[in-house]
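Notes follow once the structure below has been shown.
The values are calculated or read from the model by the stated rules, or taken from the named source; none is laboratory data. Note that this is a predicted model, so its numbers are computed, not measured. A quick note on method: Cβ atoms are made from the backbone with ideal geometry, for glycine too, and the neighbour counts reach across all protein chains shown.
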Amino acid sequence: MKREGYEKALITGASSGLGQEYATQLAQTGTDLILVARRHERLKALATGLSTSYGVKIEVLPADLSQDEDLEKVVLKIRQTCNLDLLINNAGFGGHGKFHLEDGGEAERMIKVHVLATTILTRAALPSMLVRHHGAIINVASVAAFSPLSGTMYSSTKAFEVMFSENLQSELYDTGLKVQALCPGLTHTEFHQVAGIKAEAIPGMFWMKAEDVVKISLRALSGHKVIIVPGTKNKLMTFFLRCPWTFALAHWAARQKKIRHIADSSLR
Ligand SMILES: NC(=O)c1ccc[n+]([C@@H]2O[C@H](COP(=O)([O-])OP(=O)(O)OC[C@H]3O[C@@H](n4cnc5c(N)ncnc54)[C@H](OP(=O)(O)O)[C@@H]3O)[C@@H](O)[C@H]2O)c1
């Protein structure tokens, strides 16, 4: 499948993992970048490396997307960048606490970063893309969007990203714009370390490399599908979780103490 070319991309969560990999692969094809995350030093180092290696223009914009003023800064940057033709809503984090036990504001932060930032940044990016009849939005969701075992807030905010993308693509069907909900499974990044999940307890066969996940996502922008699940094992798992006959089994499993225990420490 031929890969679309993009002039300028804004990537949230570009300081590590999938966001950093999107930045690298897009820089390699000559796309100018705006990199957003909280860790300024990491963004600066990435920007210097990529602009030196590939000659692209890179701006860094440190921002905490759970903070209104910072989110507003990113909105402003998007509105001022009339040649922005790719927005990647990738910033995110996992949780390991149970919803009924957690009261530290993690649920609200997750809604702000996964739901509110995705919504507001997408709305800011669309007008100039619509004028040019060209552009794409990638929302990095997760296979957890389909699972009753992956954390109440994490799964539900990721499910929002999937349905938001599906419905938005329907609304935009005749505009030339493309919306993607990327649904990775376990991928080697800093995600599990940040969430306090013991990644080493999960067998290697279930993991993918960030490089492969991003390659699949970018290639799929020239196809028709909205929901992209990278990797055969993740596709099978998603089928199992969505198929009416096996869905009941997944629900039964989600209520078994032993299975919940394994899931609590792995699938996010
Ligand atoms: N890795 C997996 O197994 C997996 C599976 C399915 C889906 N995903 C999804 O993939 C996306 C990227 O995660 P990753 O795996 O690449 O993990 P990661 O290496 O931990 O990267 C997460 C990125 O999000 C940024 N971020 C987190 N909170 C933020 C905030 N409040 N404001 C701004 N930026 C914030 C982090 O930057 P700073 O800390 O510098 O702010 C970092 O750049 C997430 O949406 C995640 O849910 C990951």
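Of the residues making up region 179-210, just one is within 12 Å of the ligand (Cβ to nearest atom) and acidic (Asp, Glu), namely Glu190. What about Leu43, is it under 21 Å from Ala181 (Cα atoms) and crowded, with 17+ Cβ neighbours inside 10 Å? No: the conditions fail for Leu43. Checking the structure you have, find out if any residue of region 126-149 is among the aliphatic types (A, V, I, L, M), modelled with pLDDT under 95, under 24 Å from His188 (Cα atoms) and more than 9 Å from the ligand (Cβ to nearest atom). Checked against the condition, which is being among the aliphatic types (A, V, I, L, M), modelled with pLDDT under 95, under 24 Å from His188 (Cα atoms) and more than 9 Å from the ligand (Cβ to nearest atom), region 126-149 yields at least one hit.
All conditions in (1) in a loop (DSSP other than H, G, I, E, B); (2) away from the ligand (no atom under 12 Å from the Cβ); (3) under 24 Å from Leu182 (Cα atoms); (4) modelled with pLDDT of 95 or more hold for His96, with the sole exception of (4). Please go through region 59-69 and pick out each residue that is more than 12 Å from the ligand (Cβ to nearest atom) and not in a helix (DSSP H, G or I). Within region 59-69, Glu59 is the sole residue that qualifies. Going by what's in this entry, would Glu72 be described as surrounded by 21 or more Cβ atoms within 10 Å (Cβ to Cβ), of a type in the set (Asp, Glu) and assigned to a helix (DSSP H, G or I)? Against the criterion (surrounded by 21 or more Cβ atoms within 10 Å (Cβ to Cβ), of a type in the set (Asp, Glu) and assigned to a helix (DSSP H, G or I)), Glu72 does not qualify. Out of the residues in region 150-168 that are part of a helix (DSSP H, G or I) and surrounded by 23 or more Cβ atoms within 10 Å (Cβ to Cβ), state the one that is modelled with the lowest pLDDT. Filtering first and then ranking leaves Tyr154.
For region 9-31, the set of residues classified as crowded, with 19+ Cβ neighbours inside 10 Å, more than 16 Å from the chain's Cα centre (by Cα) and not in a helix (DSSP H, G or I) consists of Thr31 only. The set of residues in region 1-58 that are free of Cβ contacts under 8 Å to residues at least 60 places away in the same chain, within 12 Å of the ligand (Cβ to nearest atom) and within 17 Å of Thr81 (Cβ to Cβ) comprises Ala23, Leu35, Val36, Leu43. Looking at this structure, is Glu171 acidic (Asp, Glu), more than 14 Å from the ligand (Cβ to nearest atom), at pLDDT 95 or above and more than 18 Å from Gly13 (Cβ to Cβ)? Here the answer is yes, as Glu171 does meet what is asked.
Any residue at all in region 228-248 that's out of contact with any strand residue (DSSP E or B) (no Cβ under 9 Å at 6 or more places or on another chain) and on the phi > 0 side of the Ramachandran plot? No. Close contacts from region 119-138, counting a first residue that is within 11 Å of Asn89 (Cβ to Cβ) and a second that is of a type in the set (Gly, Ala, Ser) and part of a helix (DSSP H, G or I), with Cβ to Cβ under 7 Å and a gap of 6+ residues or different chains, come to Ile137/Ala125; Ile138/Ser217.
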